[in-house]
Amino acid sequence: MVDRRKTRNVAVGRIFIGGGAPISVQTMWKRPLNSVQDALDGMHRLEDIGCELLRFSVPDMESAEILGQIASQSELPLVADIHFDHRLALRCLDFPVAKIRINPGNIGGMGKVEELIRKASAKAVPLRIGVNAGSLPKALRQEKNVAEAMVKAAEEELSILEKLNFHQVIFSLKASHIDTTIEANLLFSQAYDYPLHVGVTEAGPLVQGTVKNTLALSRLLENGVGDTIRVSLSDSPENEIMAGRSILQSLGIRNFGVDLISCPTCGRTVFDVTGFLDKVHRYMERINKNITVAIMGCPVNGPGEAKRADLGVTGSENQVIFFKKGKIIRRESADDAIEAFREELEKF
Ligand code: SF4
């Protein structure tokens with residue numbers, strides 16, 4: 001069991017970040033914010049598969065108004081992501097948003113920062129300060145050690161907020177390079193107790209991005225560093241959530257329910273494991289039960305794995321055999337196997 005670094009506890013809507021709260025999994029809305037219904041539908045899908053915090057870019061006042069309508073109809077904590085224009089942040093604070101992502105150092109002076117902090121304090125809305133290796137302040141861009149420069153950038157932002165005695169802050173220090181991301185977060189966490197949102201940014205498409213994030217996150221989380229995660233991918237927010245949950249579950253940090261074992265398939269496969277998984281995978285994501293499920297393709301390794309699982313399915317000649325806690329409970333044709341699988345899963 002990893003000893004997590006002690007951080008401040010920050011309330012973000014209905015969840016907490018830091019202070020020993022469960023490490024939350026978040027993602028970002030990936031389209032322009034121009035339809036309330038589209039966003040509400042997408043949000044419900046994401047919440048269904050375990051999204052705990054959802055961030056929206058707010059580039060203009062129209063987006064702020066739409067975010068306001070969505071936030072008023074949502075219990076899922078929503079984050080407004082704003083750059084440069086503090087008026088957008090002030091408008092978002094009129095709505096029940098859970099957090100504002102903004103960097104005080106780039107909104108144009110202390111007067112605007114004070115105005116923002118006054119309103120955020122009054123509404124009990126925290127800020128996320130995001131330092132990105134690709135957009136460091138000019139004075140830090142020539143520094144040899146990028147991770148150290150990122151920490152300095154975070155410190156500049158922090159000094160502004162500490163002058164105003166505002167501490168409801170979550171930091172992120174992100175780079176597209178794994179080692180830089182790890183080094184920056186370890187350095188920051190050694191010096192400060194603010195909660196950290198961790199992940200590799202601009203990590204790439206599904207496979208490459210998941211691998212990069214897994215490597216960085218496992219090293220950080222095993223060092224007790226990280227209070228909320230986002231697996232940034234050039235892919236869907238659904239896959240970001242599923243990858244994030246899978247990383248936390250595989251590291252034994254959180255338990256989200258079904259632990260899935262499935263055979264990779266080979267020339268012996270007599271059951272369409274991949275097609276079956278495609279049809280039941282999303283359904284299993286919604287099952288909040290601490291059980292092991294095995295989906296296997298042939299009688300060679302299938303029965304052994306399926307027997308060890310709480311619920312196991314293995315192909316065998318022209319039928320699919322179901323095991324429950326080591327015992328055969330039913331045999332079905334491939335066509336009926338999906339419905340039978342759902343029925344058996346429901347019984348848990
Ligand atoms: S369980 Fe059977 S089908 Fe699946 S990979 Fe192993 S040998 Fe191949």
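The values are calculated or read from the model by the stated rules, or taken from the named source; none is laboratory data. Just so we're clear, the structure is a prediction, and the values are computed from it rather than from any experiment. Positions of Cβ are generated from backbone atoms using ideal geometry, with glycine treated the same way; all protein chains shown enter the neighbour counts.
A compact table of results
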| item | result |
| --- | --- |
| Of the criteria (1) of a type outside the set (Phe, Trp, Tyr); (2) away from the ligand (no atom under 16 Å from the Cβ); (3) over 12 Å from the mean Cα position of the chain (by Cα), which one Glu240 fails | (3) |
| Count - residues of the range 86-116 that are at pLDDT 95 or above and in a loop (DSSP other than H, G, I, E, B) | 6 |
| Residues that are in contact with a Phe, Trp or Tyr (Cβ under 9 Å, 6 or more places away or on another chain) and on the phi > 0 side of the Ramachandran plot, drawn from the range 101-152 | Gly108 |
| Among residues of the range 48-87, those that are closer than 30 Å to Arg282 by Cβ and of a type in the set (Lys, Arg), counted | 1 |
| Residue satisfying all of: in the range 310-348; of a type in the set (Gly, Ala, Ser) and either assigned to a strand (DSSP E or B) or within 16 Å of the ligand (Cβ to nearest atom) (or both); farthest from Phe271 (Cα to Cα) among these | Gly312 |
| Selected residue (only one of Leu233, Leu164 is within 16 Å of the chain's Cα centre (by Cα) and either surrounded by fewer than 17 Cβ atoms within 10 Å (Cβ to Cβ) or not polar (S, T, N, Q) (or both)) | Leu233 |
| Any hit, the range 245-253, residues being buried (at least 19 other Cβ atoms within 10 Å of the Cβ) and within 16 Å of the ligand (Cβ to nearest atom) | no |
| Evaluation of His197 against (1) surrounded by 24 or more Cβ atoms within 10 Å (Cβ to Cβ); (2) touching a residue at least 60 places away in the same chain (Cβ under 8 Å); (3) part of a helix (DSSP H, G or I) (one fails), failing number | (3) |
| Matching residues, the range 307-326, being loosely packed, with under 14 Cβ neighbours inside 10 Å and within 37 Å of the chain's Cα centre (by Cα) | Lys325, Gly326 |
| Top-ranked residue of the range 263-288 - restricted to ones that are within 13 Å of Ile338 (Cα to Cα), buried (at least 17 other Cβ atoms within 10 Å of the Cβ) and within 16 Å of the ligand (Cβ to nearest atom), ranked as modelled with the lowest pLDDT | Phe271 |
| Selected residue [charged (D, E, K, R), in a helix (DSSP H, G or I) and under 18 Å from the mean Cα position of the chain (by Cα)] from Arg55, Arg45 | Arg45 |
| Some residue of the range 272-286 being out of contact with any strand residue (DSSP E or B) (no Cβ under 9 Å at 6 or more places or on another chain) and in a loop (DSSP other than H, G, I, E, B) | yes |
| Any pair with Cβ under 6 angstrom, 6 or more apart, that starts in the range 298-309 at a residue that is more than 6 Å from the ligand (Cβ to nearest atom) and ends at one that is of a type outside the set (A, V, I, L, M, F, W, C) | Pro299/Ser316; Pro303/Thr314; Ala306/Gly312; Ala306/Thr314; Lys307/Gly326; Ala309/Thr292 |
| From the options Asn185, Asn213, Asn165, residue that is at positive phi and not acidic (Asp, Glu) | Asn165 |
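Quick grid of which residues meet (1) assigned to a loop (DSSP other than H, G, I, E, B); (2) within 27 Å of Thr181 (Cβ to Cβ); (3) not basic (Lys, Arg):
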position: Arg219; (1), (2), (3): no, yes, no
position: Gly226; (1), (2), (3): yes, yes, yes
position: Met242; (1), (2), (3): no, yes, yes
position: Leu248; (1), (2), (3): no, yes, yes
position: Arg254; (1), (2), (3): yes, yes, no
position: Val270; (1), (2), (3): yes, no, yes
